[in-house]
Every structure is written in structure tokens, then in C-alpha cells.
1. Compute the whole-percent fraction of alpha carbon pairs in segment 90-173 spaced more than 18 Å apart.
2. Across bins of 10 angstrom width beginning at 0, how are the C-alpha pair distances of segment 97-246 distributed, in whole percent?
3. When the chain is fully extended, how far beyond the present Cα-Cα distance does residue 119 get from residue 259, taking 0.36 nm per residue of separation?
4. Under the Karplus relation 6.51 cos²θ - 1.76 cosθ + 1.60, θ = phi - 60°, what is the ordered set of whole-Hz ³J(HN,Hα) values for segment 145-151, x standing for Gly and Pro?
5. Helix-only mean residue ellipticity at 222 nm, the chain, DSSP H runs n ≥ 4 weighted -39,500 (n - 2.57), per residue, nearest 500. What is it?
6. Sticking to Cα atoms, compute the Rg of the chain to one decimal and its Dmax as the biggest Cα-Cα distance, whole number, in Å.
7. Residue 62 versus residue 221, label points 7 Å from Cα toward the beta carbon: distance in nm?
8. Modelled label-to-label distance, residue 148 and residue 86, 7 Å Cα→beta-carbon offset: nm?
Amino acid sequence: MKFLYKKLNRRRMIRIIGVAAIGSVAAGTLINITKQKIHKVYWQGISLGASSEITIYHPEKNFAEKILEKSIKKLFFLENLFSLYNKNSQLSQLNRKGTLKSPDPEIINLMSLSKKYSKITNGAFDITVQPIWNLYKDSFNKSNIPPSKEKISQALKLVNSDNIDIRENKIKYLVKGMSSTLNGIAQGYITDKIAEFLIESGIDNTLIQIGEYRGIGEHPDGRSWRLLISNPEHTSTIGSLEFKNASVATSAGLGTIFENSGKYNHIFDPKSGMSPSKHLQTTVVAKTATEADALSTAFLIMDKKESTVIANNRNIGFEILDNERNREIITSI
């Protein structure tokens, strides 16, 4: 391929601080905190094409290890529903055939949530933008130039999540040639599903990173979870934040680029078919990773004024790195 693919993965833009630092850590690490022996049980692997981590802190090592094993199985089950890289996933089948019979309840739920966030953001978030991605990929592969305005205009006719008919027994595209990507929301959704499972299983303190971060409870030393936020190129740190029982997601166009300038990248405005240029990077702190994931992507496309209204209405934290590389905290929670 001629275009630059995954030069920098978006999840590298946020780094964890402290005992739960990203790295290769053996399951069952023992930490002594306030005279209580707390075991750190840790998994690191690849999901949805990039590094993921689940860290559990619990007094009972064997119990935590069993729960961790079950959560990993759940993660890969969900990945196999939503992945564009797996030709047999339910999403890939839907894109290939235009219809998916007997869809799993999880893909029904996620695609329904995706349509919800499209409404909330007035179309700035839209999973049916995949034809635009395919158009740019093919154009840069063949001639190393962006597609023509005419071809973009044609592809935009396929972009509208209102044209996804979602029913209990079938999901169907109402316009031939449509296709979807869940890459802007699936990481957050899977993070939430793992978090829900861990909470239901009796895990009170855990940090999950499957593209987006979600911290349940608190760090073993009694403080909030802490994150370092890097610039889009991951060459320096631009700030940090603390959170507890919340989720964090960061989006930046430089995560995947088609050419060196980064003007053409993996994030597209569903209305114009162009990569957005309003901000370099957006970070959202929300109750759920699904919301943080979807809105961090949408806010990269939207005007700051529009995004701020949504952030205030939904009581979420929101900050941007503008094109002059100034960090601005718009709202906080």
C-alpha cells in the first residue's frame, strides 16, 4: 500500500501513571497497601488491531484470575462481532451482503447506540462513513492522491445512519452499497461491557483500556486514576487528568494518515467527506466509555460551540488541542 496506515494508534495518546502503568506485568503481582495484601492481576493483548490491557486489584488472587480469564473471553467474543478485519464478523457480513439475519443482540444494541449518537451530534458521528474511507484508501493506493470531488459526492449518498433498519431478527441497509465501521465506538462499548461484567462479578477496583480507558473504583493507594495526555504525534505530554468511576477517550486525525502532512486521515466529516481541520485533538471524560469514544470522535469534527453545548447538557468533561497547539479545557466533571 502507498498510504501510511496506523502511523500512530489513537490509544497511545493517553498513558497511565502509577502502579497500573502500561507494560508487561505478570498476573498475581502482590502489592501491600494499608496492611492489606492486594493482588494485581493483569492482562495485555491485542484486540481490534491494537494493544489492550485489563488490570484488576483484589485480595483473592485465584478469584481475580478466574474473573480476568472470563473477561478476556468476553472481549474476543465481542471483537468477533464488530471487527472490520475479520471477514466472518457480523459487521463484515452485513457490509458484504447488505443484510444480516439473526443478528446477535450485542450488535443490535451497538448499532442502535450509534444511531443515537448520530442524532445527538447532528450527524457528526455516523458509522456509515465507511464508503468514504474505502474511497480514499482506493484512491491513495492507486494514484497516491485524494479522490475527486465528484467521487466524494457520490460516496456521500451512501452515508446516513437513518438508512439502517434495525430489527430483532434482521439488520438491513436501505440503500445499496452502504457499509459501516464501528471503529469510532466499538472500543468504548467493549470497554463498558467488560467493566459491567467485572462489577457484576464482585471486582471493585479495576482499570480497563481497550482503546478507551475506564476506571472502576480507585487506585490501590486510595487515589483517583491518573492519565498523561500526549500530543497527536506522541512526542511530548501536554497535560494530565484524574478520574474515578469514569471513562476517558482521545481522538486525533493523525492516528491514521494517508500522506505525510496528515491532511487526509482516518476521520471524516460525514457531511463533507473531508478530514476535519477544526482541532488537532479532543479528549472526553464521561461516565461510559461508549459515550466518551463516540463524542471524542464527533467533537473533532464539530465546532467548539456546538460541542460545548452537548458537553454541558450531558455533564461530561471536554478539552481540545487547537491548531496552534494550545490545550483548552472546555468543561470538566
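1. 49
2. 10, 27, 29, 23, 10, 1
3. Working: separation 140, 0.36 × 140 = 50.40 nm, distance 3.17 nm.
Once the chain is fully extended between residue 119 and residue 259, it gains 47.2 nm.
4. Couplings: 9, x, x, 6, 4, 5, 5 Hz.
5. Details: 8 runs with 106 residues, N = 333.
Helix-only estimate at 222 nm: -10000 deg cm²/dmol.
6. 19.8, 68
7. 3.2
8. 4.0
Where a number appears in this text, it was derived from the coordinates with a stated rule and is not lab data. No experiment lies behind these values; they were computed from the predicted model shown. Don't worry about glycine lacking a Cβ; one is built from the backbone with ideal geometry, like all the others, and counts go over all protein chains shown.
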